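Single-structure report; data block below.
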Amino acid sequence: MKKITIAIDGFSACGKSTMAKALAQKINYIYVDSGAMYRAITLYSLKNGLIDENGNVDVAKLQADINNIKVTFRLDDKTKLPITYLNGENVEADIRSMEVSGKVSAISSLGFVRRAMVTQQQELGQAKGIVMDGRDIGTVVFPKAELKIFVTAKPEVRAQRRLDELRSKGDMKTTFKEVFQNLQERDNADQTRTDSPLKKADDALVLDNSYMTRDQQMQWILERFEEVINKGV
Ligand code: DC
């Protein structure tokens with residue numbers, strides 16, 4: 001069967017990654033979490049003193065380093081899901097911290113960072129058979145993707161989901177208010193940055209999953225996938 005490219009964009013913490021991962025597993029496609037790449041660059045910047053507590057970035061130093069920062073993915077033996085590596089080190093847990101979430105917008109708004117990531121993302125998708133999620137996948141990375149989905153959910157629902165995720169990973173300190181504020185700040189930064197802001201591609205299908213279960217979402221997206229495949233793209 002011919003393989004296609006699936007671009008899933010949308011707001012922070014609206015379940016894009018969960019849905020994209022499950023879909024990729026089900027249809028046997030590669031899954032790439034583009035947000036993990038921006039998070040890994042943010043972690044690198046934090047570890048190397050290239051970003052201060054106010055989010056000011058040492059742009060010259062990061063620009064000098066950018067081509068030597070390698071973000072890669074390897075499949076976990078047990079779960080078969082991708083684990084993010086930063087220059088060979090497993091950083092999957094560290095990139096999900098609130099510290100990284102609080103600084104990632106400062107990094108992901110930099111044009112030279114975006115260009116480097118987009119190049120890597122396009123290389124990963126060359127052979128198609130890929131599900132990639134992010135903010136600019138259907139608009140910038142794969143504008144010709146055969147299936148584009150724009151996911152959204154109510155802010156309170158998203159904040160609760162992200163809090164549940166942090167709790168399940170052992171973070172008992174972060175409050176609902178902190179998560180909610182962080183999401184609002186990131187929504188705003190994502191939508192207003194000059195370089196590839198978050199917006200729905202004209203040909204993307206909208207999915208509001210505020211009141212949907214994971215199974216319902218899965219069924220919805222599988223139907224959309226089958227429609228495209230049956231059209232014989
Ligand atoms: O999907 P996420 O929350 O893990 O993404 C982390 C941040 O990276 C998010 O605040 C916006 C940014 N991002 C982006 O600018 N472009 C993408 N394609 C993916 C993520």
Checklist entry - Does K16 satisfy being closer than 24 Å to L198 by Cβ, open to solvent by 60 Å² or more (accessible area, probe 1.4 Å) and within 16 Å of the ligand (Cβ to nearest atom)? => result no
Checklist entry - What number of residues within region 89-139 are open to solvent by less than 50 Å² (accessible area, probe 1.4 Å) and farther than 27 Å from L163 by Cβ? => result 15
Checklist entry - Given the conditions (1) out of contact with any Ser or Thr (no Cβ under 8 Å at 6 or more places or on another chain); (2) assigned to a helix (DSSP H, G or I); (3) at pLDDT 95 or above, which single one is not true for S17? => result (3)
Next on the checklist: For region 95-188, give me every one of the helices (runs of 4 or more DSSP H) that falls completely inside it and has 2 or more residues that are away from the ligand (no atom under 14 Å from the Cβ) and either over 14 Å from S12 (Cβ atoms) or not hydroxyl-bearing (S, T, Y) (or both).
Outcome noted: 155-168
Next on the checklist: I'm told K3 meets every condition in (1) more than 9 Å from the ligand (Cβ to nearest atom); (2) under 17 Å from L183 (Cα atoms); (3) among the charged types (D, E, K, R) except one. Can you identify the failing condition by its number?
Outcome noted: (2)
Next on the checklist: Can you find a residue that is under 26 Å from A24 (Cβ atoms) and open to solvent by less than 50 Å² (accessible area, probe 1.4 Å) anywhere in region 170-182?
Outcome noted: no
Checklist entry - How many residues are without any contact (Cβ under 8 Å) to a residue 24 or more places away in the chain, in contact with a strand residue (DSSP E or B) (Cβ under 7 Å, 6 or more places away or on another chain) and either surrounded by 15 or more Cβ atoms within 10 Å (Cβ to Cβ) or in a helix (DSSP H, G or I) (or both) when one looks only at region 59-74? => result 1
Next on the checklist: Given the criterion more than 14 Å from the ligand (Cβ to nearest atom) and assigned to a helix (DSSP H, G or I), identify the matching residue among L43, L23.
Outcome noted: L23
Item to check | From the options L163, L110, residue that is closer than 19 Å to R96 by Cβ and of a type in the set (A, V, I, L, M, F, W, C) | outcome: L163
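The values are calculated or read from the model by the stated rules, or taken from the named source; none is laboratory data. What you see is a predicted model, and the numbers here were worked out from it, not measured in a lab. Cβ coordinates were reconstructed from backbone atoms using ideal geometry, including for glycine residues, and neighbour counts include every protein chain displayed. Just so you know, the surface numbers come from the protein's heavy atoms only, side chains and all, with ligands and any DNA or RNA stripped out. Shrake-Rupley method; radii C 1.70, N 1.55, O 1.52, S 1.80 Å.
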